[in-house]
């Protein structure tokens, strides 16, 4: 420690001490990053932080800025404003050191089609400073853990989509990086392959810091609790999935299904205590299914059951319907769009 | 140095992994040797001036065909992003690619060595002129390739890289022809451009067997300038 202080300015030493007191710093620290491509603002004041040895699911519709953010984290692009620190190192000041720490699988998994799988992996390994026995050991490890042994000597242009994806992942893992940045690692895979990749990410997440992006929401929940949702270049939500659902949706949801259409069903359901809104589902003229939204914690299903008994309705369905990540996502993204529109209106006025 | 070597080996292998490389070398040899040998038998002179005289025009087509893929292919396939996130300096990647293209050209050029050997057997050629002629051919290739790799970085499409590369290289040959026209519009400009960028003076003196440091330096300085521009572009691209 003291040797460290001698080489640095006193101020840096103090910073070091405060950091030590605060505990381990974030592995990935994105602060106020903006990036513009011509007229489009691809990233607008994005901040994110990822703790060591944790997995962040990076969600967003296509074109939201996920890939741009990852390109900046991996030093492929430089931010117009803001800073990115990887394990404390600024990406603009020390890009080579940052790149050494990161394993990156870009979108669409670019590979050299003219090479064989093992040649390609050896090339990336050598570019990352591996050689001799260490390179051989790492090649063996990635081939094994990414399930590439059977295709190891095949030309890359002959590989199926699934094996291309695995080769891309193996390439990102070859130097045993502390950080993995995976841009849509499961896109275009079949369900069995998706599960395999998902398990591998989960497994690797125990020892590495991982950010993976996707626009398929079901892929996130089994892998990690921590998500960040980006829309039109802005982070619209960042936190644990359960928390986000509660915050975004506010309250609960119950589905009521009647055997026969009842004329006063809609009005009666609206009159129930604790009901915020009722939406008829499927048939608009003679609805038999309704979605009830509650604003508080009052159990809507009990109220609806009592109402049905009172009115003599035959209930075919009555159940609480928990919000899915899709609902949360759509709510957050559309709220953001509405907020953005209001904001733009303000600017015009 | 080691990093440049890694990229160099992959790029050189990429040339020979595709059949285009072999077709390229065969066509290059058939055309250059064929077009040279036809008048050779008519003239009956044991020198290679005809061969070296044709090269600046042949290479206008051949060199951009070698260099067009250097960046354009990576940018189209997306492997550019992979290369630029490896812990290598932009200049190291650039140097590896350039040297691979240069070595590929040297291999094709080496295929013409049976010509001077035949001349040596049949007659008594001026060995010095042949050596400086080959030096000129190497320098010419190095210059055209530096232009080609620079142009390849600016576009995504290989065909565009080829055409722009050929046009850019043609500038060195063509400026001498139009210098007087340009002088007619803006007095002195044509002469200045020809003096600075005209290929013929420097190349022809090497062809004649005259080895001057200035001529060699002209090629090297211009090639270095285009390679520096290429590296500059690679580093500036991040902010685009």
| field | Conditions (1) within 14 Å of chain B (Cβ to nearest Cβ); (2) surrounded by 18 or more Cβ atoms within 10 Å (Cβ to Cβ); number of the one not met by residue A:186 | value | (1)
| Condition check for residue A:121: modelled with pLDDT under 95, more than 10 Å from every other protein chain (Cβ to nearest Cβ), buried (at least 21 other Cβ atoms within 10 Å of the Cβ) and not in a loop (DSSP other than H, G, I, E, B) | no
| request: Please list, ordered by first then second residue, the pairs with beta carbon atoms under 9 Å, 6 or more apart or interchain, first in segment A:260-277 and part of a helix (DSSP H, G or I), second modelled with pLDDT of 80 or more and surrounded by fewer than 10 Cβ atoms within 10 Å (Cβ to Cβ). | output: A:268/A:310
| message | residue B:39 - would you say it is part of a helix (DSSP H, G or I), more than 14 Å from chain A (Cβ to nearest Cβ) and more than 20 Å from the chain's Cα centre (by Cα)? | response | yes
| field | Tally of residues being outside any strand (DSSP E or B) and over 22 Å from residue A:124 (Cα atoms) across segment A:208-220 | value | 6
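To keep it simple, each residue is scored yes or no on (1) free of Cβ contacts under 8 Å to residues at least 40 places away in the same chain; (2) farther than 30 Å from residue B:236 by Cα; (3) over 15 Å from the mean Cα position of the chain (by Cα); (4) within 14 Å of chain A (Cβ to nearest Cβ).
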site	(1), (2), (3), (4)
B:88	no, no, yes, yes
B:91	no, no, yes, yes
B:102	no, no, no, no
B:107	no, yes, no, no
B:113	yes, yes, yes, no
B:124	no, yes, yes, no
B:129	no, yes, yes, no
B:133	no, yes, no, no
B:136	no, yes, no, no
| field | Criterion: crowded, with 19+ Cβ neighbours inside 10 Å and on the phi < 0 side of the Ramachandran plot - qualifying residue of B:201, B:183, B:194 | value | B:194
| message | Filter segment B:226-240 down to the residues that are in contact with a helix residue (DSSP H, G or I) (Cβ under 8 Å, 6 or more places away or on another chain) and surrounded by fewer than 18 Cβ atoms within 10 Å (Cβ to Cβ) and list them by number. | response | B:229, B:233, B:235
| The one condition in (1) within 12 Å of chain B (Cβ to nearest Cβ); (2) in a strand (DSSP E or B) that residue A:113 fails to fulfil | (2)
| task | Answer yes if at least one residue in segment A:133-148 is in contact with a helix residue (DSSP H, G or I) (Cβ under 7 Å, 6 or more places away or on another chain), in a loop (DSSP other than H, G, I, E, B), surrounded by fewer than 22 Cβ atoms within 10 Å (Cβ to Cβ) and more than 14 Å from chain B (Cβ to nearest Cβ), and no otherwise. | result | yes
| said: Can you pull out every residue in segment A:61-91 that is under 19 Å from residue A:25 (Cα atoms) and either assigned to a loop (DSSP other than H, G, I, E, B) or within 11 Å of chain B (Cβ to nearest Cβ) (or both)? | reply: A:73, A:74, A:87, A:88, A:91
| request: Would you confirm whether any residue within segment B:59-69 is within 14 Å of another protein chain (Cβ to nearest Cβ) and part of a helix (DSSP H, G or I)? | output: yes
| query | Limited to segment A:174-199, what total is found for residues that are assigned to a helix (DSSP H, G or I) and over 19 Å from residue A:219 (Cβ atoms)? | reply | 0
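The values are calculated or read from the model by the stated rules, or taken from the named source; none is laboratory data. Bear in mind that the values here come from a model prediction, so they are computed numbers and not experimental data. Glycine gets a Cβ as well: all are built from the backbone with ideal geometry, and neighbour counts include every protein chain shown.
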